[in-house]
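For reference, the structure is listed below as structure tokens.
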Amino acid sequence: MKLLFCTKCHDVFKLPMKEFKTCECGACKGRYTDNIKSEVSGPCLSLAIGNGSLVNAMRRLVILGNKEDRHKYIEECRLVAWVRPNEGPGNPHSKVIKE
């Protein structure tokens, strides 16, 4: 799952398919062009969350229920995520569009 983080207003949002979505301040925008590739513009960073990591964390949460203390959830329900540039070899599936 790819999210965009606006470095101006600090909004975080999920990219939609086809239509562009903008952050709260309107400085950056992005969209998926297919199931893998995206187009983005403006002062933003890509945040990638491993889909398997998210599913596993949610499964562990269900097993834990609501009876554990905060530290148990921190230990058991972690996600694998990456902050990546929007272009170059660190993020080959994103294309920066100039406006």
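The values are calculated or read from the model by the stated rules, or taken from the named source; none is laboratory data. None of the values given here were measured: they were computed from a predicted structure. We place every Cβ from the backbone using ideal geometry, glycine too, and count neighbours over all the protein chains shown.
Can you pull out the residues in region 8-37 that are farther than 14 Å from residue 94 by Cα, modelled with pLDDT of 95 or more and of a type outside the set (A, V, I, L, M, F, W, C)? Listed by number, the residues that qualify are 8, 10, 11, 21, 22, 24, 26.
With respect to residue 60, is the statement that it is touching a Cys at 6+ places or on another chain (Cβ under 9 Å) and modelled with pLDDT of 90 or more true? The answer is yes for residue 60.
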